[in-house]
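Everything on this sheet refers to the single structure shown next.
The values are calculated or read from the model by the stated rules, or taken from the named source; none is laboratory data. The structure presented is a predicted model; accordingly, all values stated were derived computationally and were not measured. As a convention, Cβ positions derive from the backbone with ideal geometry for all residues, glycine included, and neighbour counts pool all protein chains shown. In case anyone asks, the SASA skips ligands and DNA or RNA and just uses the protein heavy atoms, side chains included. Shrake-Rupley method; radii C 1.70, N 1.55, O 1.52, S 1.80 Å.
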Amino acid sequence: MSYFLGEYECKLDTKGRMVLPAALKRQMPDVEREGLVVNRGLEEHLVIYTRSEWNKIMDELSKLNQFERKSREFIRKFMRGATELTLDAAGRVLIPKALQAYAGITSEVVLASQFDKIEIWSKAKYDEQWEDEGDDFATLAEEVMGNLRRKENEQ
């Protein structure tokens, strides 16, 4: 499996269209045939999935017991706003207004690769995350990755 790589600053035009960066597009050779799906992220950002990755998530969601209230609520909340994206002749995708509002996106965005998906952040909100980084990253790395290494060694 290959993963996306890179962080890209982009602009939306007045209609909410964004040019997919060439370097990112090269990492998705089937994008024009398969298409993409954009959805709300778990924080105030958006997420772009390739159609094949989206289908894997749908397969997982379809296994949830829809007779359980929490499962139904999660599915509704997760699916809210999900939209298929297609590239136009100029290589642009249209980000729906409702999703832009959810993520606080005006015109400047950052596309941040995250394994098999791409997060879309308002540039201002993305930059905010890094203002007070300090030693927090080292502590976070120790807590997250240190525990992973310990678990691997215990097995």
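Summary of values
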read-out	value
Failed criterion for N39 (all others in (1) open to solvent by less than 60 Å² (accessible area, probe 1.4 Å); (2) within 18 Å of E7 (Cα to Cα); (3) of a type in the set (S, T, N, Q); (4) within 14 Å of the chain's Cα centre (by Cα) hold)	(2)
Condition check for S71: in contact with a strand residue (DSSP E or B) (Cβ under 9 Å, 6 or more places away or on another chain) and of a type in the set (S, T, N, Q)	no
Any hit, the range 99-111, residues being touching a Phe, Trp or Tyr at 6+ places or on another chain (Cβ under 6 Å) and at pLDDT 85 or above	yes
Within the range 103-133, tally of residues that are assigned to a helix (DSSP H, G or I) and surrounded by fewer than 17 Cβ atoms within 10 Å (Cβ to Cβ)	8
Filter result for I75 (in a helix (DSSP H, G or I) and either more than 21 Å from G16 (Cα to Cα) or not aromatic (F, W, Y) (or both))	yes
Enumeration of residues in the range 21-44 that are part of a loop (DSSP other than H, G, I, E, B) and either farther than 11 Å from I118 by Cα or of a type in the set (D, E) (or both)	P21, Q27, M28, P29, D30, G35, L42, E43, E44
Selection status of L64, over 19 Å from Q129 (Cα atoms), at pLDDT 95 or above and outside any helix (DSSP H, G or I)	yes
Hey, M58 open to solvent by less than 70 Å² (accessible area, probe 1.4 Å), more than 26 Å from E108 (Cβ to Cβ) and without any contact (Cβ under 8 Å) to a residue 40 or more places away in the chain or not	yes
Qualifying residue in the range 5-16 (condition: open to solvent by 70 Å² or more (accessible area, probe 1.4 Å) and out of contact with any strand residue (DSSP E or B) (no Cβ under 8 Å at 6 or more places or on another chain))	yes
